[in-house]
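Quick notes on the structure that follows.
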Amino acid sequence: MLPEEKKNWVRDRIVPEEIDKYLGAGGGDFIPDAEIHRLLAETGEPAAAQVRELVAKALAVQTLSLAELATLMRVRDPELWAELRAAAGAVKRQVYDNRIVTFAPLYLGSKCVNDCAYCGLRRSNPAVERRVLDMAAVRAETEALAGKLGHKRLIVVYGEHPESGVDYIAESIRAVYSVKVQTRRGVGQIRRVNVNAAPMRISELKTLKQCGLGTFQVFQETYDRRAYAQLHPAGTLKSDFRWRLTAMHRAQEAGIDDNGIGALYGLSDWRFELLGQQAHALEMERFCGIGPHTMSFPRLEPAVNTPFLEQPKWRVSDGDFERLVTLARLAVPYAGLIITARESPEMRRRLLPLGVTQMDAASNVGVGAYADGQEKQKGERQQFILGDPRGLDECIREWAAAGCITSFCTAGYRCGRTGKCIMDLLRTGAEGKFCKLNAVLTFKEWLDDFATPETQAVGAALLERELAEVRRTQPQVWPAFEATYRRIVAGERDLYF
Ligand code: SF4
């Protein structure tokens, strides 16, 4: 593409009418800066009774208001904090039981027209190799992920660039779904393709929906509009705060009802970010009755040749990170809560009991790095440096030893249990019944197809307990379930309830 064509592509990307229609009568957006600053200026420790009322609200799977979340932020008493941590774990168990959903990120390109100060892939960084994978390479990456590692669910990540526009994204989703690989006992394939990409137009999102897109993720990076303006240079596509802020509205209008939001923690005061993210969740509920399907909590990590990351003013300490994850779990009790391998193994162990529902494993954020077997953490090929380089087998063994079953289930999406339907099921606990069955079936598949003997042993003990629980708690389903389980044991794959 000629430089002039690229310039025109950038110039024409944003559709002002697809921002303005979501703004208030006075042209304002839904991040109430003044209110957030006022709430953050309050300092009084809340009474224990008030805190416990809010915990009860979270346990009833009700979303907290901004003022309620800010109240919990002001808790300092160590005993009350211990109660909040325990409540976060309880909310997770109530909504998601003991399941951990796992996935892998798949970066398909390192070309980007933006220049975000904190990102290794920013266009002004000469230290990064630039490429966008062709479809043969996309299939090769998928074969490695589905055939060697046993992943069933991906988050595919795209830079914002004309070479990875909507047509490319659609083609690559189809390419990922097309791959089937023979495994030890059955067939491996990716069953859910989630996408992390730049904000898009409604018509483009409709195209992706037709390709079988799972969750659509756009992270605001920072909800603090002053920090946003400083970190995203004027004149770049990403500098338009509201085009990004309204990305989920357009997705909803396009019929995509599983959407993921997040902030990159460390770009501004984490307390402002968390309240901004809460305002976003509340706005999604107001706009179409469906809040975020997932919320992500990436924290700044080093990246090659990126001076901004050497001493960021707002770096979030490990202690504060635990606090914000606890608060987020209580604030939007039904949402999936994702902690990625940006974090160290130790940090992920600390966060797991606080209500995390999804973690990636065996991740490699280098473009083309799964298939070519190159060493992980090659800085010039990736956006940032990972904190947890462990393989899937090791992670699954650790989670199983902690009593968590890894679920590769993708049935909800394929049975139409998405959006409002899944939110209602999660709120009432009904989804848990399907999820337990499907978690057991997919866990068994994975153990038979991919696990080491050591992990098979730990997993088998967990499976025995899970099977006994299904038999005890769902006796009416047990005969059909047991028959399906036996088919999985015999080598059939992709059976679900
Ligand atoms: S954060 Fe995203 S948009 Fe910004 S430079 Fe990196 S890849 Fe591009």
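The values are calculated or read from the model by the stated rules, or taken from the named source; none is laboratory data. Only a predicted model underlies this, so the values are computations on that prediction, with no experimental measurement involved. Positions of Cβ are backbone-derived with ideal geometry, glycine not excepted, and every protein chain shown enters the neighbour counts. When the accessible area is computed, the model is the full protein with side chains, heavy atoms only, and any ligands, DNA or RNA have been set aside. Shrake-Rupley method; radii C 1.70, N 1.55, O 1.52, S 1.80 Å.
Assorted remarks:
- The helices (runs of 4 or more DSSP H) found wholly in segment 307-372 and carrying at least 1 residues that are open to solvent by 20 Å² or more (accessible area, probe 1.4 Å), in the same structural domain as Phe272 (by TED's automatic domain parsing) and closer than 20 Å to Ile405 by Cα occupy 345-351.
- Verdict on Val55 being more than 26 Å from the chain's Cα centre (by Cα), more than 22 Å from His249 (Cβ to Cβ) and modelled with pLDDT of 95 or more: no
- Residue list for segment 67-83, restricted to those being part of a loop (DSSP other than H, G, I, E, B), open to solvent by 20 Å² or more (accessible area, probe 1.4 Å) and either closer than 29 Å to Ile31 by Cα or in contact (Cβ under 8 Å) with a residue 40 or more places away in the chain (or both): Arg74, Arg76
- Segment 99-116, subset open to solvent by less than 20 Å² (accessible area, probe 1.4 Å) and part of a loop (DSSP other than H, G, I, E, B), residue farthest from the ligand (Cβ to nearest atom): Leu108
- Meets criteria (more than 16 Å from the ligand (Cβ to nearest atom), surrounded by 20 or more Cβ atoms within 10 Å (Cβ to Cβ) and touching a residue at least 40 places away in the same chain (Cβ under 8 Å)) for Arg191: yes
- Residues of segment 117-138 classified as open to solvent by less than 20 Å² (accessible area, probe 1.4 Å), within 25 Å of Ala170 (Cβ to Cβ) and within 13 Å of the ligand (Cβ to nearest atom), total: 2
- Counting the residues of segment 1-40 that are surrounded by fewer than 10 Cβ atoms within 10 Å (Cβ to Cβ), aliphatic (A, V, I, L, M) and in a helix (DSSP H, G or I) gives 1.
- Test: Gln277 is at pLDDT below 95 and among the polar types (S, T, N, Q): no
- Against the conditions (1) surrounded by fewer than 24 Cβ atoms within 10 Å (Cβ to Cβ); (2) farther than 30 Å from Arg348 by Cβ, Arg250 satisfies every one except (1).
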